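> Take a look at the following structure, please.
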Amino acid sequence: MLEQLLWEKRNLPGLLETQPLHETDEETVTDIDFTSIISEEEKEELKIELAKLEDEISTLRQVLAAKEKHLAEIKQKLGINLMNELKQNFSKSWHDMQTTSAYKKTHETLSHAGQKATAAISNVGTAISKKFGDMRNSPTFKSFEEKVETTITSLKDSHVQAFPSNYECLKSDSGVFS
């Protein structure tokens, strides 16, 4: 019955405007004083229409509240809570975003850039390894390596001659000079 009443009210001409008043429209309406322009009979008709509109609004609010309550009951029966709704909304939004052409183009571009960066880093690593290998095999490095080995050997020999008992102790404990 309530839905039939709402259906009838919706189909009455002039009762519900199709376009809402904008803020500027409201200001224009309130700036004009209609009381001196309209007759007493029109004032009474407007008051009746105003009461009807207020009653309709009240009825619509009651219907909306009842539907919201029914919606909450259905959600509760289905086990849908706020967290589940947020998860579903987020998942749907994420999926919607991923299906946009802008996302696909960006993803493709970044993926391509990542592949190029990986290849470049790999090439740099290979070049550095090759350079170290070349450097190690260079005559300068060989000469430096020989000098270091000669210095270590001479230090060992001088240490052994200066402290022979320490050498025996180190030799037996750690095997450093073996």
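Just so it is clear, none of the values below were taken in a lab; they were calculated from the coordinates. The shown structure was predicted, so the numbers you read here are calculated from the model rather than taken from an experiment. Counting neighbours? That spans all protein chains shown, and the Cβs are built from the backbone with ideal geometry, glycine included.
> Sequence neighbours fewer than 8 away in the same chain don't count; with that in mind, list the lysines whose C-alpha is under 21 Å from residue 75.
Once the sequence-local lysines are set aside, what remains near residue 75 is 67, 87, 92.
> I'd like the Karplus ³J(HN,Hα) series for the stretch 92-103: coefficients 6.51, -1.76, 1.60, θ = phi - 60°, whole numbers in Hz, and an x wherever there's a Gly or Pro.
Coupling constants for the stretch 92-103: 5, 4, 4, 5, 4, 5, 5, 8, 6, 5, 4, 5 Hz.
> What is the stretch 39-137 by shape, rounded, prolate or oblate, if you read a ≥ b ≥ c off the alpha carbon gyration tensor as root eigenvalues and call it rounded for a/c under 1.5, prolate for a/b larger than b/c, and oblate otherwise?
prolate
> Quick one: Karplus J couplings for the stretch 122-138, per residue in order, coefficients 6.51, -1.76, 1.60, θ = phi - 60°, nearest Hz, x for Gly and Pro?
With coefficients 6.51, -1.76 and 1.60, one gets 4, 5, 5, x, 5, 5, 5, 4, 5, 5, 4, x, 5, 5, 5, 8, 6 Hz.
> Let me ask another. Explain nothing, just compute: Karplus ³J(HN,Hα) = 6.51 cos²θ - 1.76 cosθ + 1.60, θ = phi - 60°, for every residue of the stretch 40-45 in order, whole Hz, x for Gly and Pro.
Ordered by residue, 3J(HN,Hα) equals 5, 5, 5, 4, 5, 5 Hz.
> Now for a different question. For the stretch 127-161, state which GluC sites (Glu not before Pro) are in a DSSP loop and have at most 13 other beta carbons lying within 10 Å of their beta carbon.
none
> How would you classify the stretch 68-114 from its alpha-carbon gyration tensor, with a ≥ b ≥ c the square roots of the eigenvalues: rounded for a/c under 1.5, else prolate if a/b is greater than b/c, otherwise oblate?
Because a/c hits 1.5 or more and a/b exceeds b/c, the stretch 68-114 counts as prolate.
> So which GluC sites (Glu not before Pro) in the stretch 36-86 end up in coil per DSSP with only 10 or fewer other C-beta atoms within 10 Å?
Listed in order of number, the matching sites amount to none.
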